[in-house]
Each structure stands twice: as structure tokens, then as C-alpha cells.
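S.K.: Please see the structure below; I have some questions.
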Amino acid sequence: MSRAKYCRPLFAQPTVAVLALAIAQAAHGETVALKQYFNIPAQPLNQALLIFGRQSGLQIMYGTEIADNLHSHALQGDYTATEALNILLSGTPLRAISNGEGVISLQRNAPELQNKLEPGIMPAITVTGKTVYDADDPYNPNYNRPNATTATKTDTPVMETPFSVKVISKQVMQDQQSIRLDRALENVSGVYRQQGFGLVESFNIRGFGTFDYYRDGTRFQSALTQTGPRETANLERIEVLKGPASILYGRIEPGGMINLVSKKPRAQPYYSLQQQFGSFDFYRTTLDATGGLNQDDSLLYRFNFAYEDKRSFREFVNSDNVFLAPVIQWKISDRTQITFDMEYKTGNTMQDFGFPALGNRPANLPVERYFGEQFGFAKYDEIQAGFNWSHEFNDNWKIQHRFNTQFTEQDGRSIAPRGLRADNRTLNRVLVGFDDNKIDTYTSSLDLTGHIDTFGVNHTVLLGGDLYNFKNTGLFMADPTFPSIDIFNPIHSGTLTLNPANGDKFHTDEEWYGLYFQDQMKLPYDVHLLAGFRYDNATIDFVSSSLKAQQEKISPRVGLLWQPIKDLSIYGNYVENFGLPNFGLGNGGQPLKAETAQQWEAGVKTEFFDERFSATVSWFQLTKQNIATGNPDPALAALGFAVQTGEVVNQGIELDISGEILPGWNLISNYTFIDSEITQNNDDTQGNRFPNIPQHGGSFWTTYAFQNDVIRGLKIGGGVVARGQREVNNENDVQMPGYVLVNLMAGYEFKVGHSKVSAQLNVDNLLDKEYFPSSGGFGRGRIDVGTPRTFLGSIRVEF
């Protein structure tokens, strides 16, 4: 289709635009009468009509000036062309008129005709049910998301994806006021919080821990950057892929992948200002703004800002940070775009290592008690910057390239526990510190996606490659003579005695490149087959210790799904994983190989109420091997030599439910059963349970927005989070008791002029339960202490 057909005339000032459905009258009648699926987000009307032409298969020719500065409603679902056009034009001063010969024109409504039909106007339709929002609409209230990109790198419906993937929508995070990832991820089965000490993010997915998360498909290693908990102000949603994800994203722990999807620029102007305030002197201000920068909305922006200052229920612990996230998008044409984005974060925090164990339980102490010193600190700066561009060669082929950089710098001092003495009250401590802990990361990926048909089989093929370069340098210091402390009668003492001249410099380089291929096939009888593989070449170089390891691997992935009816899918998959590198030396001083894993999975997915409600139940068996264990020879083990005979098997059942049951009534819920076993090891832990994994765990959350006109705007909600008993370490000699937390919320929204004002109050841990959420497997001396009852209020203005 020639772009000239859409150009604004240079001299003419048209008041009527002709929408010529340039086909024969008979064919026209067939096309507009048949229903077909449309998916057109809310956007400038000119662009929406262009997409309507593509999706309907009808050629559209019209001068664009009549629709300048007008925006369409979102359109999603099965409609005839006539119905679809009426929805796109609803709320605009335009009407569609047919001459009865297959030609339709758009005209401006005269003021007296705004609410009156005339002969010749296309028949109006009555649209019943919910308003349809586009997925990233700031006002989208839906809990369920029918599509996800993380599992396949293509925008594939969850019902057609033969893997377990869960999406946490922005509305869920708003209702729960989830300002931290661990709070939002309580809504996902099989995902549990691990210890992060206030500096990093750490999670347990299907029984295996990970310090890594991804933002828009780009990896971030929080264990080494140490720049505090991830800011959520610019997140649109969170997608969690269960099971091995290395085939598309490189080296990763096999339990799964957490992908943070950031907010994108929008043509429709939107502004939001929120102030939050809560227990323990918590204050947080956020700003979100988006819109166009020029007349034709080819240049768009988005800007997110957050400032947070808070104390803690723990003595001496406090933190503050500032976060900025600007994004610029240039729509070069209707098929080509480039987006530049950046994040800057700076802040201060304090590490908190929790309680030691006493006997086979965490020590029974006041929850506020802290065994560090008030002079501890951790200050950090982080800059992330990158760009991504994409070009559609035609309706079937698209290329996309993403490049990202991350630069972080962190300095800190903290007092870490070393273990209780034999008197079970004196805690040995060590003073540790980092100077100039710097990280430079460069990531790049290139993907080619295409749609082809062969012998009646529809293929969506993905061919891509990625590069990852990571450099970490700094100075580590430690003073093991730091004074101990009595956990029952603490007297804080000690001074900053670290001398950089006595520190140890470290330097680690890690790089890999990978090539991957994937084919999603739609076979006859509603069968979907996904098959693919990846080649990895990875190197890690411990420059400071002259130790270098290089490894190659080919990993396959295959998934099969059958969708006998629209609302039901049955699936299974087999996936192999290329894991993270082992740190240490094997026999003969050779570097250890990377960990590997395999997963078998089967499940059932359902979707009801026009994709507003979904459920997934899955069974999985996940085996991880090549885990480094101590050398069987005690003398070699004492020198740090290891063998890779360790193996762990986690298998279980997961259930995820989310969506709208009735108008205004939403829920999200999950349950997980995991049977975990250390199947091979060189010590007495074989047969034990892997740490920090409850056998039973889950959560339930529901809200109701009143539909009655008298109290419309009022919303109430609540839920529970439950965790069974968990082991603290591989030895299984300390257990964290199970717990149940009760959380509530209430909110009210109302209009002030053209603005929407929302007031909300959340109460977490309503019953003030004392609990221990995680240990991270770091032994008996570091067990997280759960937050007592907290109140969090907010006022938000949107316009």
C-alpha cells in the first residue's frame, strides 16, 4: 500500500475524508458481514484506521486531516468490519456513511446530529459487557493478561504457550501497593523470597535460588551490583517463566526467570502523581508522565520518577533512594521505530542479616533487635542505558535489535554474623567492606521473527543471537577480630578499623555469546508444537586468581499443546538448561564446569469470560546436577578442591488463578506443593530437603469495586499469604516455622474536574504475626526477620 494514500494534502483543506473500501461491491458485502478478530490498542485515530485496514484486509484511502488530534477506543475481539469501525469512531465527531455501492465516507457530525442517526449512516451497534482496554492502558483494571512475550520472545497467547508462564498486572501491584518485587511475586506459585540483606534481590523458583532478574529481556545480576531492592515505579507488569529459560536468555538458574516489563511511551497523554506514607517513617513519592512531543505523535516520551525515604522496625536500619527513568520513542514510519531508555538510581541503605538459630529454631528475640552497628552503610549509584529498534519488512517478517549497558558503583561497611559460640548467646562477628565495587555490563541481542506457511502448517520462526559482557572490579576488606555481641543483652561496640591497604583486590570478567532457533507450529486439529535449540559459548575469567573457565553447550527445548476448545489447553514440555558457572577448582586444579538441569512438565490451562479469567495447573520434575561438593579426600577438601557430583531433584504441582469473576470482583491466587530432595552429595546431607522450600505454600487475594451508583468508586479487598515449614540449610538441623499472614486494603476514587483522585490504605500482617520469611541457605547465622503489622496509605492524582 503506498504511503501517498495517507499523506496530508499540501494545499487542500479537506473537511470530508473518503474511506474507499476499494473492492467490488459483492466482495465488500462479504467482507464487512463476516466476523473476524481485531486487536487495535487505543491510539491516534489515523494510526488506528491504518491498522484496521491491515487487519480487515480492506484497502483504505483517505486524507488524514479530518482525523488529526482524534484518538480511537481500544478494539479487541470478534467483530464484523462495520462493527469494528463503529467502535473505533465512537466518541469522535465523525460518522461513517455508505452510498450503498461499496464506498464508505467519513464525515464530521453536525452539532445537532451528534446523538441522532440519519438514513444512510452505518447501523449503530450496541456494545455490551466490559470496556476493552489495551494491555498497557494506565487505567486498565484487569488482573488477567492473556498474552506474554517472555516464554517465546513473540507475543503469544498464554493459552497457546506450552510452558507455565504467569503475568502480574500493574493493577494487582497497585491494589497491594507492591513497592518491592518480593511482595508482587507472592502472587505467583512456586516463587518464594530469599534473603537479600537489604542490598540485593533474591528469589527461589521451583526450589532453586537466583539472584538474577531481567528487565525487558535483559539480564541484571543483583548479587554483585548490590544497588538495593529493584524500583517498581516504571514497571508495567511482571512476567514469570517457570522452568529453564536459558535457551532464549543464556546462563540462568533452572527454576525460572523473572522478567520485568517496563512502561512504554504512549501517544495519549497521561500524568500521575502519587504520595505514599506508612509505618516506620515510610515516605515515597512517584511521578509518571507520557505523551507525544510533536504534532503527529511520531515522537513519544515517558518519564518515571521515585523518591523514597524510610526507617525500619529493626534498630539502626534505614534507607533512601532517588530513581529516574526517561524513555524516548521515535516512530520513524508505521513499520520502523527506535526507543532510547535510561534508568538512574542512587541511594543509601544498611545491610541486615537477621537472627541466628538457637537449637533447631530461629532465636526467640525481640523482632527489632539488630546485631550490626549504626555506623554500617552501603551507598550506591547505578546507571542503565540502552536502545532498541525494530523494523517490519512486511506483515510477516520483523527484525529487532536491543543494546543495553549498566554501570554501578558501590561502597559499604557492614557487620556480618559468624556464628554462635558454645554458650549459645555470644555471637561472633566480622567487619567487612567494599571500596570501588564497580560493574560494567554490556548486553546485545538481535532477533529475526517470521511467519510462513508450509503444507498447511503455520510457522512462527525466531532466529537470534545475543552477547553478554560483564566486568566486576573492586577492593574487599575484612576484620575477623571485630568484637562479638551478646544476643540477649546486646552492647553495641566496635569501630571502623578497616584499612584499604590490607584489602584484597578482585577482578572478574564474564562473557558469552549464544545462537538460538525456535519454531512455533500450528498443526491441524488445534495442535501447537514448539521446538528449538541454543548454542552457548561462555567464558569466566577470575583475573585476580588467574583462574579461567570456558565451556560450550547445545541445549534443546520442545513443547506440545493441544487446544480442543477455545477455553482449554493441555500441554507438556521437555527443556534442558545451561546453568551458572561453579566457583572453585576440580581435581588437578582444573576449573569446574557449569551446572546443568533438565525439566519435564505437563499441565492444563483454562480461560473464561472473554479472556478475563484464567487458571493453570502444572506438574513438573526439575533435576539439577554438576553441583560442586567437597572433595571426598579430606585433605583436598580442606584445600578447597571440589568434585561435581551434587544433584537435587525438585518436583511438584502448581496452581495459578487470576481474573474477574463478576463485574468489579477480581482475584489472584496460587498454591504450590514441592517435594525436594538432595539426591547426590559427598556428605551426610543426601536425602535431605533443599533449604528455603516449603512443602506447601500459596496465597489468595481478592478485591471488589462496588458497581452501585451510590457508592461507586469504593473498593475493598484482602487476602492471605501462607508458607509451610522450611529448612534453613542443607543439614536440615534448623527449621523456620510455617506462617499465615492476613492483608487488607480499602480505597476510594472520585473525579475532580478531568482528574481522577484515588485514596487507598493497605494493612499488611494485620494480626501482627511473628515469622521468618527466608534464610537463603546461608547457614545457621542468617535468618530473615519478618515485618510486623504495617500501614501504608496513598493519595494518587491521574489526568
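S.K.: Taking the stated definitions as given, is V617 closer than 19 Å to V575 by Cβ, of a type in the set (A, V, I, L, M) and in a strand (DSSP E or B)?
M.R.: yes
S.K.: Is one or more of the residues making up the range 538-552 in a strand (DSSP E or B) and in contact with a Gly (Cβ under 6 Å, 6 or more places away or on another chain)?
M.R.: The initial filter retains those residues of the range 538-552 that are in a strand (DSSP E or B), namely 538-542, 547-552.
Cutting the leftovers down to in contact with a Gly (Cβ under 6 Å, 6 or more places away or on another chain) gives us none.
No, the range 538-552 contains no residue that is in a strand (DSSP E or B) and in contact with a Gly (Cβ under 6 Å, 6 or more places away or on another chain).
S.K.: Could you count how many residues in the range 683-710 are part of a loop (DSSP other than H, G, I, E, B) and open to solvent by less than 70 Å² (accessible area, probe 1.4 Å)?
M.R.: Of the residues in that region, 10 qualify.
S.K.: Moving to a separate point now. Name the residues in the range 128-181 that are open to solvent by 20 Å² or more (accessible area, probe 1.4 Å), more than 30 Å from A746 (Cα to Cα) and either assigned to a loop (DSSP other than H, G, I, E, B) or without any contact (Cβ under 8 Å) to a residue 12 or more places away in the chain (or both), would you?
M.R.: T149, K153, D155, P157
S.K.: State the number of residues belonging to the range 192-238 that are part of a loop (DSSP other than H, G, I, E, B), charged (D, E, K, R) and closer than 18 Å to N729 by Cα.
M.R.: Of the residues in that region, 1 qualify.
S.K.: From N318, N364, N348, grab the single residue that is open to solvent by 50 Å² or more (accessible area, probe 1.4 Å) and either in contact with a helix residue (DSSP H, G or I) (Cβ under 9 Å, 6 or more places away or on another chain) or closer than 24 Å to A422 by Cβ (or both).
M.R.: N364
S.K.: Looking only at the range 489-507, count every residue that is among the β-branched types (V, I, T) and farther than 30 Å from N364 by Cα and tell me the total.
M.R.: Number satisfying all stated conditions: 1.
S.K.: When both residues are 6+ apart or on different chains and their Cβ atoms are under 7 Å apart, which pairs have a first residue that lies in the range 543-571 and is of a type in the set (V, I, T), and a second that is open to solvent by 40 Å² or more (accessible area, probe 1.4 Å)?
M.R.: The qualifying pairs are V543/H507; V543/D509; I554/F533; I554/Y535; V558/Y574; I570/W562; I570/V604.
S.K.: A further question follows. Sort through E343, E368, E392 and tell me the only one that's out of contact with any Asp or Glu (no Cβ under 8 Å at 6 or more places or on another chain), among the charged types (D, E, K, R) and modelled with pLDDT of 95 or more. Walk me through it before giving the result.
M.R.: Details: E343 fails: out of contact with any Asp or Glu (no Cβ under 8 Å at 6 or more places or on another chain); E368 fails: out of contact with any Asp or Glu (no Cβ under 8 Å at 6 or more places or on another chain).
Just one listed residue meets the conditions, E392.
S.K.: Name every residue in the range 692-715 that is under 20 Å from N144 (Cβ atoms) and among the hydrophobic types (A, V, I, L, M, F, W, C), in order of residue number.
M.R.: F700, W701, A705
S.K.: Would you check which residues across the range 598-614 are touching a helix residue (DSSP H, G or I) at 6+ places or on another chain (Cβ under 9 Å) and either closer than 16 Å to V558 by Cβ or in a strand (DSSP E or B) (or both) and list them?
M.R.: K605, T606, E607, S614 - these are the residues of the range 598-614 that are touching a helix residue (DSSP H, G or I) at 6+ places or on another chain (Cβ under 9 Å) and either closer than 16 Å to V558 by Cβ or in a strand (DSSP E or B) (or both).
S.K.: Can you tell me which residue in the range 502-519 is farthest from T454 (Cα to Cα), limited to those that are modelled with pLDDT of 95 or more and open to solvent by less than 30 Å² (accessible area, probe 1.4 Å)?
M.R.: Result: G514.
S.K.: A357 is checked against (1) surrounded by fewer than 16 Cβ atoms within 10 Å (Cβ to Cβ); (2) over 30 Å from Q43 (Cα atoms) and fails just one. What number does that condition carry?
M.R.: (1)
S.K.: Mind checking whether some residue in the range 367-374 is out of contact with any Phe, Trp or Tyr (no Cβ under 9 Å at 6 or more places or on another chain), surrounded by fewer than 16 Cβ atoms within 10 Å (Cβ to Cβ) and at negative phi?
M.R.: Keep residues of the range 367-374 that are out of contact with any Phe, Trp or Tyr (no Cβ under 9 Å at 6 or more places or on another chain), which gives none.
No, the range 367-374 has no match at all.
S.K.: Restricting to the range 415-437, and then to whatever is within 30 Å of the chain's Cα centre (by Cα) and surrounded by 19 or more Cβ atoms within 10 Å (Cβ to Cβ), can you tell me which residue is nearest to D155 (Cα to Cα)?
M.R.: The extreme case among them is N437.
The values are calculated or read from the model by the stated rules, or taken from the named source; none is laboratory data. Predicted model, so just to flag it, every value in this text is computed and none were measured. Positions of Cβ are generated from backbone atoms using ideal geometry, with glycine treated the same way; all protein chains shown enter the neighbour counts. All accessible areas refer to the heavy atoms of the entire protein, side chains included, with ligands and DNA or RNA removed. Shrake-Rupley method; radii C 1.70, N 1.55, O 1.52, S 1.80 Å.
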